[in-house]
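Chemist: Once you've had a glance at the structure underneath, I'll fire off some questions.
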Amino acid sequence: MLALIVGQGRLPEILAEETRAAGRTPLVCGYASAPDRLSPELTFHLEGLGGLVRKLRRKGVTEICMAGGITRPKLRLSRLDFATLLLVPRLMRALGKGDDGALRELIALFEENGMAVRGAHEILPELLPDPGVLTRVKPDKDDVKDAARGEEIVAAMGVADVGQACVVARRQALAIEAMPGTDWMLASLKGTRVGLPEGGLLFKAPKPGQDRRVDLPTIGPDTIRAATEAGLRGVVIEAGGVMLLDRAEAIAAADAAGLFLWVRPKGG
């Protein structure tokens, strides 16, 4: 049995919809901040993680897919269930390791209990678009150079476990992604471009060496709209490393706005 561990965003909805449409009924487990429209069969919080693992084992879950945004939680000792109490030292160490370290620890916990962790793109391969420019507008020579610069910046950010995206114009970094996320980063550019290079692009890629079964970056129609409002010329994602949600709608939004959407192989 497949269990979906879901948070916020569009990706969990797509996974639930598509797996059900394919005749496979997943067990949806919602983190405390997951939207109600996903109709989770089980809900949990960090302090009940140990209890969740036990419930999943009892239900015969053999595969786990984690999808959706989760705000980094604080461990509240007063809410611990007994099964999670035994995990407290491990959880405290994990929360101190940054996002990648914490996710690796979570993967290890599920695997130790006989559950294979699978990426959303493994369940729905079509989430990863083939390389190429998907829109009518194509990147020009300056855009090609900006994309290469964006790749360098995101790689450097990834070493520090900071973020997975940046905005580049004329080889200058105008903004980098941090904990608030890509949408917040793009919104921060609205109306603040005075004295900065015009145009530019959003570049998004996974962190170097990250476990791609979890936290693989995504974009969708909202990203395209935010890039348009930020005055960008286009969006570039790393081929094989960024999931494109609601593809037809995203491409239509880019075409309507005159933006390019480029699925760029790593290294150009």
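Chemist: Quick one: of the DSSP bridges fully inside the chain, what percent are antiparallel, nearest 5?
Modeler: Of all bridge pairs located within the chain, approximately 30 percent are antiparallel.
Chemist: Between Glu126 and Ala83, take the C-beta separation as r, use R0 = 25 Å, and let me know the FRET efficiency to the nearest 0.05.
Modeler: Using R0 = 25 Å, I get an efficiency of 0.10.
Chemist: In nm, to one decimal, how far is the Arg57 label point from the Ala257 one, both placed 7 Å along Cα→Cβ?
Modeler: Spacing of the two 7 Å Cα→Cβ label points: 4.7 nm.
Chemist: Given the DSSP H assignment, sum -39500 (n - 2.57) over each helix run of at least 4 residues in the chain and divide by its residue total; what's the result at 222 nm in deg cm²/dmol, nearest 500?
Modeler: Computed mean residue ellipticity for the chain: -10500 deg cm²/dmol.
Chemist: Here's a follow-up. Over the chain, calculate the relative contact order: mean separation of alpha carbon pairs under 8 Å at least 6 apart, over the residue count, as a percent.
Modeler: Normalised by residue count, the contact order of the chain is 17 percent.
Chemist: Going by the alpha-carbon gyration tensor, a ≥ b ≥ c the square roots of its eigenvalues, is the chain rounded (a/c under 1.5) or, if a/c is not under 1.5, prolate (a/b greater than b/c) versus oblate? Display every interim value, and only then the final one.
Modeler: Numbers: a/c = 2.25, a/b = 1.73, b/c = 1.30.
Since a/c reaches 1.5 and a/b is larger than b/c, the shape of the chain is classed as prolate.
Chemist: If each of Asp211 and Glu198 carries a label point 7 Å out from its Cα toward its Cβ, how far apart are those two points in nm?
Modeler: 4.7 nm
Chemist: Which of the helices in the chain, when you take each full DSSP H run, stretch at least 18 Å along the axis at their Cα atoms and have an average Kyte-Doolittle score of -1.0 or higher?
Modeler: Result, helices passing both filters: 98-112, 141-159.
Chemist: Out of Gly234, Gly23, Gly132, any idea which swings most in a Gaussian network model of the chain, alpha carbons joined below 10 Å?
Modeler: Highest fluctuation of the listed residues: Gly23.
Chemist: Taking the Cα-to-Cβ direction at Leu42 and at Asp161 and moving 7 Å from each Cα, how far apart do the two end points lie in nm?
Modeler: 2.6 nm
Chemist: Follow-up question, since we're still on this one. Remind me, relative contact order of segment 2-123 in percent, using alpha carbon pairs under 8 angstrom and six or more residues apart?
Modeler: 28 percent
Chemist: Does segment 173-257 come out rounded, prolate or oblate, given a ≥ b ≥ c as the square roots of the eigenvalues of its C-alpha gyration tensor, rounded meaning a/c under 1.5 and, failing that, prolate meaning a/b above b/c? Show your work: numbers first, answer last.
Modeler: Details: a/c = 2.09, a/b = 1.30, b/c = 1.61.
Here segment 173-257 falls in the oblate category.
Chemist: Within segment 2-123, what percent of beta bridges assigned by DSSP are antiparallel, to the nearest 5?
Modeler: On the way: 1 of 15 bridges.
Restricted to segment 2-123, the bridges split so that about 5 percent are antiparallel.
Taken together, the values in this text are just the output of simple stated rules run on the coordinates, not laboratory data. Keep in mind that this is a model prediction, so the values were computed, not measured. Virtual Cβ from ideal backbone geometry, glycine too; neighbours counted across all protein chains shown.
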